[in-house]
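Down below is the structure, laid out as structure tokens.
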Amino acid sequence: MSEAIEIDIADLPGVGPATKAKLESGGITSILDLAASTTNELVDNLNITEETAHNLVFEAQKILKDKGILEKDLISANELFARRAKMLRCTTFSQNLDTLLAGGIETQAVTEFYGEYGSGKTQICHTVCVASQLPVDQKGLGGAALYIDTESTFRPERVAQIAKSRDLDVSSVLDNIHVAKIYNASHLELIVRAMGSLIQQNNIKLVIVDSIISLHRAEFLGRGSLSERQQKLNAIMHRLKRISEIYNVAVIITNQVQATPDTFFGDPTKAAGGNIIGHASTYRIYLRKAGQERKAIMIDSPMHPYGDTNFVVTESGISDPMDKKPARTVRTASKSAIEKDEEEEN
Ligand code: GTP
Ligand code: MG
């Protein structure tokens, strides 16, 4: 990756000092930042033509593809295999959840947790930003975490409690979590655009966005602004996905649920944000309360079987229920795990 970093944006064809300055004013300071951008994003933010924007992104991506940092348009399964071999998995401190995730939270992927209030989304985020700091041979990612907090629910005390209960050095764990408190939708868009250099400067291996949608949901109200909201969310999701691949980092996003009163079977809730978030997330896990425990259900994944498992929230973050029931990974041919679950409980 270092070779690509050494290439100056001004070395790209068609980029003079003026364009370089424009890009920098929009937070794009490297080829990597540019490659993670979308054409629309550049047109909207930098006041350049669509053709110029398209060419810039194309050239930047081409360099990264040539250097093997970004996936080529056509890649052999062998190359893909080698690329995925670099992928790391981070424990969640719950064996059950790790099993559901086939080993933990992956780098080069966006993992989405969605569920109603109190279902444990923020608790998972707090726990994983501690776990990710463990060395790779202890199922961590061996790096720092970037915690993007849009709901003002990040609590350093909670992180300290989790770290202490796991005999980790509290001060160094806290030092390695970089928190960005975000107050409005455009602020979120800005930090996502500037994320590339933050990751490089701080050895970030885990990016958390808790939550991805709350600010856009609050600011873009009504049907009239829906398409604008979706376009903005799309740009954020697209960039997060690219960033996970370019920098080999794990990205966790949390999402809210919305009621779907017309549902006859199963849980009458679904993830907010529609297809935009669903399609861009590599893995989607639905969380819900199950008595004192929490249930996690793998809803969408290109490789995991459809399954569910239970975990608990304790002072040491999230962990397995005391009875240590083995993780269940149910595969049902005709019914979703949610439907099956409802039936069991009825
Ligand atoms: P929203 O952000 O409101 O949508 O919910 P969320 O899914 O992020 O919920 P969160 O992860 O914040 O879960 C909150 C729940 O975790 C609380 O209702 C508590 O049950 C539990 N919890 C939080 N902190 C602790 C703790 O220190 N010990 C224990 N045992 N449980 C805790
Ligand atoms: Mg929360």
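Among the numbered conditions (1) closer than 28 Å to Gln201 by Cβ; (2) not assigned by TED's automatic domain parsing to the domain that holds Ala218, tell me where Ala109 comes up short.
(2)
Between a first residue in the range 150-179 that is in the same structural domain as His216 (by TED's automatic domain parsing) and a second residue that is among the basic types (Lys, Arg) and away from ligand 2 (no atom under 16 Å from the Cβ), which pairs have beta carbons less than 8 Å apart while being 6 or more apart in sequence or on different chains?
If the second residue must be among the basic types (Lys, Arg) and away from ligand 2 (no atom under 16 Å from the Cβ), the pairs left are Val170/Lys164.
Restricting to the range 112-144, name every residue that is within 16 Å of ligand 2 (Cβ to nearest atom), among the small types (Gly, Ala, Ser) and not in a loop (DSSP other than H, G, I, E, B). Break it down stepwise before answering.
Quick first cut of the range 112-144, residues within 16 Å of ligand 2 (Cβ to nearest atom) only: 112-129.
Going one step further and asking which of them are among the small types (Gly, Ala, Ser), we end up with 115, 118-120.
Residue satisfying the conditions is Gly115 alone.
Which residue, of Phe113, Phe93, is touching a Cys at 6+ places or on another chain (Cβ under 9 Å) and within 16 Å of ligand 1 (Cβ to nearest atom)? It would help to see each step written out before you state the result.
On the way: Phe93 fails: touching a Cys at 6+ places or on another chain (Cβ under 9 Å).
Exactly one residue qualifies, and that residue is Phe113.
Can you confirm whether Ser132 is out of contact with any helix residue (DSSP H, G or I) (no Cβ under 6 Å at 6 or more places or on another chain), more than 8 Å from ligand 1 (Cβ to nearest atom), open to solvent by 40 Å² or more (accessible area, probe 1.4 Å) and of a type in the set (Ser, Thr, Tyr)? Break it down into steps so the answer makes sense when it comes.
Details: out of contact with any helix residue (DSSP H, G or I) (no Cβ under 6 Å at 6 or more places or on another chain): yes; more than 8 Å from ligand 1 (Cβ to nearest atom): yes; open to solvent by 40 Å² or more (accessible area, probe 1.4 Å): no; of a type in the set (Ser, Thr, Tyr): yes.
Taking the combined requirement at face value, the residue does not satisfy it.
Could you say whether any residue in the range 240-250 is more than 12 Å from the chain's Cα centre (by Cα), within 24 Å of Gln108 (Cβ to Cβ) and of a type in the set (Val, Ile, Thr)?
Yes.
What tally of residues in the range 77-109 results from selecting those that are β-branched (Val, Ile, Thr) and surrounded by fewer than 20 Cβ atoms within 10 Å (Cβ to Cβ)?
So the first thing to find is which residues in the range 77-109 are β-branched (Val, Ile, Thr), and the list is 91-92, 99, 105, 107.
From what is left, the residues that are surrounded by fewer than 20 Cβ atoms within 10 Å (Cβ to Cβ) are 99.
Qualifying residue count for the region: 1.
Do we find that Phe81 is of a type in the set (Phe, Trp, Tyr) and within 23 Å of the chain's Cα centre (by Cα) in this structure? Write out each step before concluding.
Working: of a type in the set (Phe, Trp, Tyr): yes; within 23 Å of the chain's Cα centre (by Cα): yes.
Yes, satisfied.
Could you tell me whether any residue of the range 164-176 is touching a helix residue (DSSP H, G or I) at 6+ places or on another chain (Cβ under 6 Å), within 16 Å of ligand 2 (Cβ to nearest atom) and under 27 Å from Ser214 (Cβ atoms)?
no
If I filter the range 101-111 down to residues being in contact (Cβ under 8 Å) with a residue 40 or more places away in the chain and more than 16 Å from ligand 2 (Cβ to nearest atom), which single residue comes out as nearest to Gly317 (Cα to Cα)? Don't jump to the end; show me each part of the working.
Here is the first cut: in the range 101-111, the ones in contact (Cβ under 8 Å) with a residue 40 or more places away in the chain are 101-102, 105-111.
With more than 16 Å from ligand 2 (Cβ to nearest atom) added as a condition, the list becomes 101-102, 105-110.
Numbers: Leu101: 18, Ala102: 20, Ile105: 16, Glu106: 19, Thr107: 21, Gln108: 24, Ala109: 23, Val110: 21 Å.
Going through the qualifying residues, I end up with Ile105.
Out of all the residues in the range 145-159, which are within 14 Å of ligand 2 (Cβ to nearest atom), of a type outside the set (Phe, Trp, Tyr) and open to solvent by less than 10 Å² (accessible area, probe 1.4 Å)?
Filtering the range 145-159 for residues within 14 Å of ligand 2 (Cβ to nearest atom) gives 147-155, 158.
With the extra rule that they be of a type outside the set (Phe, Trp, Tyr), the set shrinks to 148-153, 155, 158.
The answer is Ile148, Asp149.
Picking from Val136, Val128, which residue would you name as being closer than 19 Å to Val249 by Cβ, of a type in the set (A, V, I, L, M) and in contact with a Ser or Thr (Cβ under 9 Å, 6 or more places away or on another chain)?
Working: Val136 fails: in contact with a Ser or Thr (Cβ under 9 Å, 6 or more places away or on another chain).
Checking each option against the conditions leaves just Val128.
Within the range 242-252, is even one residue at negative phi, in contact with a Gly (Cβ under 6 Å, 6 or more places away or on another chain), in contact (Cβ under 8 Å) with a residue 12 or more places away in the chain and hydrophobic (A, V, I, L, M, F, W, C)?
As a first pass, look at the range 242-252 and keep what is at negative phi: 242-247, 249-252.
Restricting the remaining residues to those that are in contact with a Gly (Cβ under 6 Å, 6 or more places away or on another chain) gives none.
Looking through the range 242-252, none of the residues is at negative phi, in contact with a Gly (Cβ under 6 Å, 6 or more places away or on another chain), in contact (Cβ under 8 Å) with a residue 12 or more places away in the chain and hydrophobic (A, V, I, L, M, F, W, C).
For the range 300-317, enumerate the residues that are of a type outside the set (S, T, N, Q) and either modelled with pLDDT of 90 or more or assigned to a loop (DSSP other than H, G, I, E, B) (or both).
Within the range 300-317, the subset of a type outside the set (S, T, N, Q) is 300, 302-308, 311-313, 315, 317.
Within the range 300-317, Pro302, Met303, His304, Pro305, Tyr306, Gly307, Asp308, Phe311, Val312, Val313, Glu315, Gly317 qualify.
Quick one: is Ala290 without any contact (Cβ under 8 Å) to a residue 40 or more places away in the chain and closer than 21 Å to Gly307 by Cα? Reasoning before the result, please.
Values: without any contact (Cβ under 8 Å) to a residue 40 or more places away in the chain: yes; closer than 21 Å to Gly307 by Cα: yes.
Here the answer is yes, as Ala290 does meet what is asked.
The values are calculated or read from the model by the stated rules, or taken from the named source; none is laboratory data. This structure is a prediction, so every number in the text was calculated from the model and none was measured. Using ideal geometry, Cβ is built from the backbone for each residue, glycine included, and neighbour counts are taken over all protein chains shown. Quick note on the areas: whole protein, heavy atoms, side chains included, nothing else; ligands and nucleic acids left out. Shrake-Rupley method; radii C 1.70, N 1.55, O 1.52, S 1.80 Å.
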